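Written below as structure tokens is the structure these notes are about.
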Amino acid sequence: MNNIQNSDKRILFIASENIGKIKEFTQLFPKDIFDIISQPKTIKINETGRTFSENARLKATEVANFTNQWAFADDSGLSVNALNGAPGIYSARYARNDDERIARLLKELSLVQDRRAIFTSALCLAAPAGKVLIQVEGICKGLITKEKKGKMGFGYDPIFQVLGTSLTYAEMNPVQKQKLSHRGVAFSLFLQKLDVLLSSNQFMS
Ligand code: ITT
């Protein structure tokens with residue numbers, strides 16, 4: 001990562017109300033570049049996009065506009081093969097809370113052999129006033145387990161087993177999850193683009 005002085009640090013709002021995501025991003029972001037702050041509670045964003053990328057863009061630009069600071073958003077979700085990609089962008093709206101979302105998914109798949117699913121994370125960085133500077137997407141392939149396994153993480157973690165491993169996200173420690181997860185993959189692409197941005201004039205404006 002570029003050599004940036006502390007005095008050049010920018011405030012970065014994480015445009016999210018999801019505590020699990022905010023925790024992961026706080027661990028992922030290089031501490032010397034941004035001071036990370038959670039989205040103001042007064043902002044309510046309607047996720048009207050048709051794709052993960054559109055929704056990430058919407059969240060980042062609205063928070064950047066509102067705060068006149070840098071804003072970063074993640075739109076993510078679980079697309080299940082046997083459900084034609086559902087819940088997909090509606091993953092957060094699939095039921096009222098994590099337990100109910102998991103219960104609904106396991107019920108819908110109770111008689112289904114094909115357990116394949118893909119987790120997607122779309123990330124977006126917007127400059128103050130809302131100009132989009134970075135958009136990337138990462139995925140992780142896996143299988144929906146028949147029951148919950150593991151206690152770590154958040155959301156659908158206990159029922160998403162990463163392809164090529166015997167572990168669900170919830171059985172992985174944060175470092176393991178970062179390495180393999182949709183968000184970890186997207187974030188390493190994001191860091192490559194951020195590095196380029198840091199050397200350009202746009203970061204200083
Ligand atoms: P924000 O929009 O405020 O960021 P949200 O929870 O509504 O929070 P999304 O609209 O992106 O976020 O919905 C993502 C859904 O997928 C939500 O139910 C998450 O809990 C779940 N999810 C995303 N990443 C996950 C991960 O790494 N592990 C488990 N579940 C995840």
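Mind listing the phi-derived Karplus ³J(HN,Hα) values for the range 175-189, rounded to whole Hz, using 6.51, -1.76 and 1.60 with θ = phi - 60°, and x for any glycine or proline?
So the J values, rounded to whole Hz, are 5, 4, 5, 4, 5, 9, 6, 3, 6, x, 5, 4, 5, 5, 5.
Residue by residue, what Karplus-based ³J(HN,Hα) values in Hz, rounded to whole numbers, does the range 147-155 have, using 6.51, -1.76 and 1.60 with θ = phi - 60° and x for Gly and Pro?
So the Karplus estimates, Gly and Pro as x, are 8, 5, 9, x, 10, 8, x, 7, x Hz.
At a Cα cut-off below 20 Å, give the aspartates and glutamates reachable from K151, other chains included and same-chain residues fewer than 8 away excluded.
Those aspartates and glutamates meeting the cut-off are E24, D98, D99, E100, E171.
Could you work out [θ]222 nm for the chain from helices alone, using -39500 (n - 2.57) per DSSP H run of at least four and dividing by all its residues? Round to the nearest 500 deg cm²/dmol.
My calculation for the chain gives -9500 deg cm²/dmol from helical runs alone.
Normalising by the residue count of the range 77-163, find the relative contact order in percent from Cα pairs under 8 Å and 6+ residues apart.
Across the range 77-163, relative contact order equals 25 percent.
Sort I139, I89 by accessible area with a 1.4 Å probe, largest first.
The ranking, largest first, comes out as I139, I89.
Could you grab the relative contact order for the chain? Cα pairs under 8 Å, six or more apart, rounded to a whole percent.
Answer for the chain is 18 percent.
Just to confirm the number: angle between the C-alpha axis of helix 52-67 and the first principal axis of the chain, 0 to 90 degrees, nearest 10?
The answer is roughly 40 degrees.
With the Cα gyration tensor of the range 40-100 giving a ≥ b ≥ c as the square roots of its eigenvalues, does the rule (a/c under 1.5 for rounded; else a/b larger than b/c for prolate; else oblate) give rounded, prolate or oblate?
Prolate.
Compute the helix-to-body angle for 19-28: its Cα long axis versus the longest principal axis of the chain, expressed 0 to 90° and rounded to tens.
So the helix axis and the longest Cα principal axis differ by about 60 degrees.
Give me the percent of accessible area attributable to carbon and sulfur for the range 97-197, probe 1.4 angstrom.
56 percent
As a quick test, which of the pairs K23/K141; K41/K146; K146/K177; K21/K193; K23/K193; K146/K179 have an alpha carbon distance above 32 angstrom in this structure?
Distance filter (> 32 Å) returns K41/K146.
Give me the accessible area of E17, 1.4 Å probe, in Å² rounded to the nearest 10.
120 Å²
The values are calculated or read from the model by the stated rules, or taken from the named source; none is laboratory data. Note that the structure is a prediction, hence the values are computed from the model and not measured. Heads up: the accessible areas ignore ligands, DNA and RNA and are worked out on the full protein's heavy atoms, side chains in. Shrake-Rupley method; radii C 1.70, N 1.55, O 1.52, S 1.80 Å.
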